[in-house]
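A short write-up of the structure that comes next.
The values are calculated or read from the model by the stated rules, or taken from the named source; none is laboratory data. A quick note: this is a predicted structure, and the numbers were derived from the prediction, not measured. Cβ sites come from the backbone with ideal geometry, for glycine too, and all protein chains shown count toward neighbours. Quick note on the areas: whole protein, heavy atoms, side chains included, nothing else; ligands and nucleic acids left out. Shrake-Rupley method; radii C 1.70, N 1.55, O 1.52, S 1.80 Å.
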Amino acid sequence: MDRDGVINEVLTKRVKFVNKPQQLFFLPRVPEAIKKLNDSFDFVFVVTNQGGVGLGFMKEGQLKKIHTHMTNELKKQGAIIDEVVYCPHKPKAGCDCRKPNSKLIVDLAEKYNVDLSKSYMVGDTDTDIIAGKRAGTKGVFLGSYDPLADAVFPDLISAVDWMIEDAH
């Protein structure tokens, strides 16, 4: 799944972008949703574009601290993220890892021996859905509409039951 807009707030009154651990605020019921995914799926991964590193808004070490904070706070609530991967490059850098490219997803699948045809990419932008489709996953869009998505829900907790039912 994507991070910003799926797991945590972004572009809200409280926070514009997450550049420090204390700026990470979970969206409603996210720990509960991830815990439900943990109970039904072998792995839960986060795949995120973090162009703020390439643009100089934060150092890569700071991003790693944010991800450690996120995974530790989720773990306290029984929700496990198996790995967080990210593209640190500028938005127009032309790298292979930035979504909508699928390299980060494909690399995770190879590392953990995951069948992508039985996997889901959850995101709040078309680039998330496109990356998942290119990798061979189903796409779950959080928002109001995405023509490429297999399913559309308002938030992660709403999407979880559909993914669990669809997978079994």
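Hey, does region 29-49 have a residue that's touching an Asp or Glu at 6+ places or on another chain (Cβ under 9 Å), open to solvent by 50 Å² or more (accessible area, probe 1.4 Å) and under 25 Å from SER102 (Cα atoms)?
There is at least one residue in region 29-49 that is touching an Asp or Glu at 6+ places or on another chain (Cβ under 9 Å), open to solvent by 50 Å² or more (accessible area, probe 1.4 Å) and under 25 Å from SER102 (Cα atoms).
Residues are listed down the side, and each one gets a yes or a no for (1) among the basic types (Lys, Arg); (2) surrounded by fewer than 18 Cβ atoms within 10 Å (Cβ to Cβ); (3) over 22 Å from THR71 (Cβ atoms):
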residue	(1), (2), (3)
GLU83	no, yes, no
HIS89	no, no, yes
ASN101	no, no, yes
ASP107	no, yes, no
LYS111	yes, yes, no
ASP115	no, yes, yes
LYS118	yes, yes, yes
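Can you say whether VAL18 is touching a Leu at 6+ places or on another chain (Cβ under 7 Å) and open to solvent by less than 30 Å² (accessible area, probe 1.4 Å), as far as the supplied structure shows?
Taking the combined requirement at face value, the residue satisfies it.
Looking only at region 38-52, filter to residues that are under 25 Å from THR137 (Cβ atoms) and in a helix (DSSP H, G or I); which one of those is modelled with the lowest pLDDT?
Per the criteria, the residue is GLY51.
Quick check, is GLY54 at positive phi and among the small types (Gly, Ala, Ser)?
no
Under 7 Å by Cβ, and 6 or more places apart or on different chains, what pairs join a residue from region 109-132 that is within 24 Å of SER144 (Cβ to Cβ) with one that is aliphatic (A, V, I, L, M) and at pLDDT below 95?
Pairs that qualify, where the first residue is within 24 Å of SER144 (Cβ to Cβ) and the partner is aliphatic (A, V, I, L, M) and at pLDDT below 95: there are none.
I'm checking my understanding of the structure. Among residues of region 5-15 that are open to solvent by 20 Å² or more (accessible area, probe 1.4 Å) and under 15 Å from the mean Cα position of the chain (by Cα), which one is farthest from ILE81 (Cα to Cα)?
VAL10
Can you tell me which of (1) under 17 Å from the mean Cα position of the chain (by Cα); (2) open to solvent by 20 Å² or more (accessible area, probe 1.4 Å) is the one CYS95 doesn't meet?
Here CYS95 meets the rest and fails (1).
Of all residues in region 17-66 being touching a residue at least 40 places away in the same chain (Cβ under 8 Å) and among the aromatic types (Phe, Trp, Tyr), which is nearest to VAL6 (Cα to Cα)?
Within region 17-66, the match that is nearest to VAL6 (Cα to Cα) is PHE26.
Return yes when ASP2 is touching a residue at least 24 places away in the same chain (Cβ under 8 Å), surrounded by fewer than 20 Cβ atoms within 10 Å (Cβ to Cβ) and closer than 25 Å to ASP107 by Cα and no when it is not.
no
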